[in-house]
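Peer 1: This is the structure, below, for whatever I ask next.
The values are calculated or read from the model by the stated rules, or taken from the named source; none is laboratory data. Small disclaimer: the values here were computed from a predicted structure and weren't measured. FYI the Cβ positions are ideal-geometry reconstructions off the backbone, even for glycines, and counts take in every protein chain you see. SASA here: full protein model, heavy atoms, side chains in, ligands and nucleic acids out. Shrake-Rupley method; radii C 1.70, N 1.55, O 1.52, S 1.80 Å.
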Amino acid sequence: MSSRRLVWSLTFVLSLALAGCSGKESAEKPAATADTEPLYTVTGNEGSIAGTVSFNSPAPAPKRIQMDSDPACARTGQNAVSEEIVVKDGKLANVFVYVKSGLPENSFAPSGEEVVLDQVGCRYVPHLVGLRTNQTLKVLNSDATAHNVHPVPTKNREWNESQYPGSPPIVKKFALEEVVIPIKCNQHSWMKAYVGVLKHPFFSVTAQDGTFSIKGLPAGQYEVEAWHEKLGSKTIQFTVAAKAETRADFSFEANTSQNVSGLKLQPAVIVP
């Protein structure tokens, strides 16, 4: 083969390779930007949701947690009771209430705040938290014993880390939406917490009196879900008007058909 013909052949092959790379790049760019949504701009006309979650059945008696397997836990948790169903005056705490659908096709400004999950008295505190995707979750250990923090997600990456007394916080983020991620402690079987992870900021956790509030919602029609770890979830649909507060009340019962399949109703914490 002549040198001229060899040069021509090499040039032809190189041009095909470059064309292939260029084609691949152009094909990938739309996919990479397809999920990019414009940032929502606050208009000042946003509305809000406020409501209460009720428990319309007799509250089961509190169930004491036995912590004798760890002397340090036994000392600090002598009066600990289950947090699976927390009822006060017929109102239900620890319910994750969030906008499930209806939001505009926008992204929402990320939160720079850290969400703190502590371990106090061999319990996770708080029992349930809400978190934005890629928002920082800081896990502390305020106990005089070791814990093993173990989220069990279905969409996000699972991790499992030991945390000794006085050790630095565990700092993590969850990249994907997931309602809701259970967190357990491999050292202490009774320790459980839950983290609801959403792309948007429109969620709330009911307080001891069953109340919740979600502010800053653009006017529109929404589906809102209330999730409970033992009683399942319920949804309602309604319209949020500009600069107005919309009432959204939920209720659960011990014999609700929406109970989580395969789970038995557990004794409650009755808050005096």
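Peer 1: Long-range amide H contacts for VAL95: which residues qualify at under 5 Å (H placed 1.01 Å from N, peptide plane, sequence gap of 5 or more or a different chain)?
Peer 2: Excluding prolines and chain starts, which carry no amide H, the hits are THR206.
Peer 1: Tell me the label-point distance for the pair LEU176, TYR164, using the 7 Å Cα-to-Cβ offset, in nm and rounded to one decimal.
Peer 2: Result for the modelled spin labels: 3.4 nm.
Peer 1: May I pose another question? Which value, in Å³ per residue, describes the convex hull spanned by the Cα atoms of region 64-109?
Peer 2: Details: hull volume 8.4 nm³, N = 46.
That works out to 183 Å³ per residue.
Peer 1: Explain nothing, just the number: dipole magnitude of region 138-183 about its Cα centre with +1 on each Lys and Arg Cβ and -1 on each Asp and Glu Cβ, in debye rounded to the nearest 20.
Peer 2: On the way: 5 positive and 5 negative charges, 30 e Å.
With Lys and Arg at +1 and Asp and Glu at -1, about 140 debye.
Peer 1: Under a crude label model (7 Å from the Cα following the beta-carbon direction), how far is GLU114 from SER142 in nanometres?
Peer 2: 1.4
Peer 1: HN-Hα J couplings of region 160-170 from phi, Karplus 6.51/-1.76/1.60, θ = phi - 60°, integer Hz, Gly and Pro as x?
Peer 2: 8, 10, 7, 9, 8, x, x, 7, x, x, 8
Peer 1: Once both labels are modelled 7 Å past Cα along the beta-carbon direction, what's the ARG64-LYS155 spacing in nm?
Peer 2: Roughly 4.2 nm, to one decimal.
Peer 1: Still on this structure, please answer the following. Quick check for me: using +1 on Lys/Arg Cβ and -1 on Asp/Glu Cβ, what's the dipole size of region 45-91 about its Cα centre, in debye to the nearest 20?
Peer 2: Working: 5 positive and 6 negative charges, 40 e Å.
Computed about the Cα centre, the dipole is about 200 debye.
Peer 1: If you consider only alpha-carbon coordinates, what radius of gyration and Dmax does region 148-216 have, in Å?
Peer 2: In Å, with Rg to one decimal and Dmax whole: 14.3, 41.
Peer 1: How do the peptides 83-95, 57-69 rank, highest first, by the average count of neighbouring beta carbon atoms within 10 Å per residue? Numbers along the way, then the final one.
Peer 2: Values: 83-95: 21.8, 57-69: 14.8.
Highest to lowest by the protection proxy: 83-95, 57-69.
Peer 1: In addition: Can you give the local net charge around ARG157? Use residues other than it whose beta-carbon is closer than 13 angstrom to its beta-carbon, Lys and Arg +1, Asp and Glu -1. Please list the in-between numbers first.
Peer 2: Details: positive: LYS155, LYS172, LYS173; negative: GLU158, GLU161, GLU178.
Summing Lys/Arg as +1 and Asp/Glu as -1 gives 0.
Peer 1: Turning to a different aspect of this structure: Okay, which of region 62-103 sit inside 12 Å, backbone N to the point 7 Å along the Cα-Cβ direction of ALA254?
Peer 2: In region 62-103, the label zone of ALA254 (backbone N under 12 Å from the point 7 Å along Cα→Cβ) covers 62.
Peer 1: Also: Would you mind checking which residues have amide H under 5 Å from VAL81's amide H? H placed 1.01 Å from N; only 5 or more apart, or other chain.
Peer 2: ILE65
Peer 1: Show me, for region 112-127, the HN-Hα J-couplings you get by feeding each phi into the Karplus relation (A = 6.51, B = -1.76, C = 1.60, θ = phi - 60°), rounded to Hz, glycine and proline as x.
Peer 2: x, 7, 8, 9, 9, 10, 9, 10, 10, x, 6, 9, 7, 10, x, 6
Peer 1: Can you tell me the FRET efficiency between LYS243 and GLU37 if r is taken as the Cβ-Cβ distance and R0 is 30 Å, rounded to the nearest 0.05? Kindly include the intermediate steps, with their values, before the conclusion.
Peer 2: Numbers: r = 25 Å, r/R0 = 0.82.
So, using R0 = 30 Å, E works out to roughly 0.75.
Peer 1: Still on this structure, I have one more. Could you do me a favour and compute the accessible area per residue for region 84-170, 1.4 Å probe, result in Å²?
Peer 2: Numbers: 3750 Å² over 87 residues.
So region 84-170 comes to 43 Å² accessible per residue, rounded to a whole number.
Peer 1: Ratio of region 58-184's C-alpha Rg to 2.2 N^0.38 Å, to two decimals?
Peer 2: Working: Rg = 16.8 Å, N = 127, 2.2 N^0.38 = 13.9 Å.
Normalised Cα radius of gyration, region 58-184: 1.21.
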